[in-house]
1. Can you tell me, using C-alpha contacts under 8 Å and at least 6 residues apart, the relative contact order of the range 169-271 as a whole percent?
2. Roughly how big is the range 217-292's charge dipole about its Cα centre, with Cβ charges of +1 (Lys, Arg) and -1 (Asp, Glu), in debye to the nearest 20?
3. Just need the relative contact order of the range 217-292 here, percent rounded to a whole number, with Cα pairs under 8 Å and 6+ apart.
4. How about residue 143: which aspartates and glutamates have a C-alpha closer than 16 Å to its C-alpha, ignoring those fewer than 8 places off in the same chain?
5. Restricting to DSSP loop positions (anything but H, G, I, E, B) with no more than 13 other Cβ atoms inside 10 Å of their own Cβ, which trypsin sites (Lys or Arg not before Pro) remain in the range 51-80?
6. How large is the convex hull of the Cα atoms of the range 130-275 per residue, expressed in Å³ as a whole number?
7. From the P(r) of the chain, can you give the percent of Cα pairs sitting at distances over 33 Å?
8. If you fit an axis through the alpha-carbon atoms of helix 279-292 and take the longest principal axis of the Cα set of the chain, what angle between them do you get, 0 to 90°, nearest 10?
Amino acid sequence: MIETIHLTKKFGNLVAVNDVSISVSKGSIYGLVGPNGSGKTTLIKHLVGIYRQDDGDVLLNGKPIYENPEAKAKIGYLSDQPLYHLHYTTEEMAKLYARIYPNWDYERYHYLKRIFQFSDQKKIRTLSKGMQKQATFWLTLCKGVEVLVLDEPIDGLDPMIRKQVRDLMIEDVTLKETTIIISSHNLRELEDLCDHIAILEDGKLILAREMNTLKNDLHKIQVAYQNMPIDFPLQDLDTISVKRTGSVYTIIARGNRREIFERVQATHPVVCDFIPLSLEEIFIHEVEGAQND
């Protein structure tokens with residue numbers, strides 16, 4: 001398990017991460033989402049031991065990560081700005097990582113060489129940006145770590161490579177119980193990958209839940225009445241937003257679906273439709289709700 005407990009980090013007067021506690025279980029895929037400047041990358045740099053927190057704890061299996069080589073050897077980090085020596089070849093980087101990571105997997109390295117299908121003898125600086133990103137994934141997936149922390153990892157990859165990378169990550173989780181923490185603005189891909197989601201806004205954690213629970217707790221309902229009431233008839237619902245277009249109300253509400261349905265039906269609508277919400281819609285409504293609090 002990797003976790004933060006009441007983590008706080010300041011840069012001068014800016015509180016970049018404010019009392020954030022998350023707990024990521026072994027073998028899960030945990031998504032971090034939030035607007036630009038919400039604190040995602042700062043949180044990630046604590047999880048991989050780059051930053052030292054001002055307050056709170058950052059732990060891997062109960063032990064601090066910062067300045068702990070044993071813990072860091074169990075964590076693989078793929079930054080939004082890939083970290084490698086550009087004048088090295090991919091093969092030379094592999095030899096370097098093999099000396100750093102005790103569980104480096106050369107068998108997998110050669111297996112992935114067939115998947116990514118480009119020479120590991122070319123200097124990384126001579127590769128296209130997309131191929132440089134592939135090289136970074138190739139190397140990261142061979143480190144034999146317990147935890148992979150990925151910051152905007154799929155940007156710049158073509159659709160076929162994105163699918164291959166997703167499949168490889170799922171394979172690691174399924175077969176090796178690797179824990180993956182992934183930050184991305186591509187909420188559609190996170191929706192397919194993650195079993196847990198945390199939303200950050202202005203350095204604060206506004207939500208952290210299982211994906212299924214998140215989707216089951218927030219509902220979009222369209223309600224229409226034959227004789228439109230003067231006032232909104234569902235004041236007792238835990239609503240996030242209510243919009244009226246003609247004779248139709250579009251409602252975003254929290255709660256148990258059956259209970260919401262029964263309350264709506266008690267007002268005798270002619271139409272009551274529940275419409276599935278995407279992760280992107282949930283994100284927008286949760287962030288807007290946090291900004292309005």
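Laboratory data are not the source of any read-out in this text; all were calculated from the coordinates shown. Since the model is a prediction, treat every value here as computed from it, not as a measurement. Positions of Cβ are generated from backbone atoms using ideal geometry, with glycine treated the same way; all protein chains shown enter the neighbour counts.
1. Taking the mean separation of contacting Cα pairs over the length of the range 169-271, I get 23 percent.
2. 220 debye
3. Relative contact order of the range 217-292: 43 percent.
4. Cα-Cα hits under 16 Å: 70, 91, 92, 105, 107, 171, 172, 177.
5. Here the sparse-neighbourhood loop sites are 52.
6. Value for the range 130-275: 161 Å³ per residue.
7. Roughly 35 percent, once rounded to a whole number.
8. That works out to roughly 70 degrees.
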